[in-house]
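A.B. asks: I'd like to ask you about the structure that follows.
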Amino acid sequence: MTTGLQRITPLTVLLALLLMTGACGSPQPAPPVEPATREPADSDPASPLPSAVPSSAAGSEVVGRAPADLRDVDWAAIPFPGEFCAVPGLVRFDAELEARARSETWGPVRIRRTTRVVYGNFDGDTRDEAIVYVGCDDDGVTQNTQIAAGYVVFGHAGRNLVVLGSITPQQKSRASYPTALVRPEFAEGRITVYEKWYRTSDAHCCPTGDATTVWTREGNRLTPGAPRIVS
């Protein structure tokens, strides 16, 4: 008669042999752990517009679709960079061509743009670029008419409308008022910007200094030369 101990012993030996056989085999690596995908947070409707997306074609800021002729752009629908006034990202203008934002230098500001757009070609292709004047003030806090100004330069990158850069005054005024921008001129390979700067004795209404700065494109950036005082 077989006892309970005799029945258990062969089973125990078999299990031991199986464990030893598995221990002597080659280890099998565990499958790699895939990193979890982080879902983007929902955007806050009250948050400022995000920074523009780089263009794969030119490395510039894409702000919309571009028609063959930039004269056909609906400028009322185009966001503008606020970097000339130290405002990060893009801003959209209302029907009055104004926008409120927060400057990293001056705090709350009002940004304005003109309806006039200057067209011309400086990069040597067959399509014109466009320049739009923008300015900002402190929204009436100190009655300053303007604390910063600039030209935003737009161009093509494939079928995209892109910001090629922002042009700001380069000749420093000797008074506390900011240098004004008068007009840009296109020429092959450059944009010449005419500036009015304040001498120490100039009244706020009437800067008497004249200067020009030539801007060229280096890679994906507009780069200013040294300002030249004309008067």
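A.B. asks: Would you kindly identify the strands (runs of 3 or more DSSP E) lying entirely within the stretch 48-152 that contain at least 1 residues that are within 19 Å of Val162 (Cα to Cα), at pLDDT 95 or above and aliphatic (A, V, I, L, M)?
C.D. replies: 61-65, 87-91, 107-120, 129-137
A.B. asks: Same structure, new question: Could you list all residues from the stretch 194-206 that are over 13 Å from Pro178 (Cα atoms) and either in contact (Cβ under 8 Å) with a residue 60 or more places away in the chain or surrounded by 14 or more Cβ atoms within 10 Å (Cβ to Cβ) (or both)?
C.D. replies: Tyr194
A.B. asks: Follow-up. Considering every residue within the stretch 192-210, establish whether at least one is hydrophobic (A, V, I, L, M, F, W, C) and under 21 Å from Val109 (Cβ atoms).
C.D. replies: No, the stretch 192-210 contains no residue that is hydrophobic (A, V, I, L, M, F, W, C) and under 21 Å from Val109 (Cβ atoms).
A.B. asks: Then there is this: Please enumerate the residues belonging to the stretch 64-91 that are touching a Leu at 6+ places or on another chain (Cβ under 8 Å) and either farther than 11 Å from Phe154 by Cβ or of a type in the set (Ser, Thr, Tyr) (or both).
C.D. replies: Hits for the stretch 64-91 are Arg65, Pro79, Gly82, Gly89, Leu90, Val91.
A.B. asks: Here is a further query. Could you please find all residues in the stretch 156-166 being buried (at least 20 other Cβ atoms within 10 Å of the Cβ) and in contact with a helix residue (DSSP H, G or I) (Cβ under 8 Å, 6 or more places away or on another chain)?
C.D. replies: His156, Leu161
A.B. asks: Shifting gears a bit: Name the residue that is surrounded by the most Cβ atoms within 10 Å (Cβ to Cβ), counting only residues in the stretch 207-225 that are modelled with pLDDT of 95 or more and part of a loop (DSSP other than H, G, I, E, B).
C.D. replies: That would be Pro207.
The values are calculated or read from the model by the stated rules, or taken from the named source; none is laboratory data. Given the structure is predicted, the values throughout are model-derived calculations rather than measurements. Counting neighbours? That spans all protein chains shown, and the Cβs are built from the backbone with ideal geometry, glycine included.
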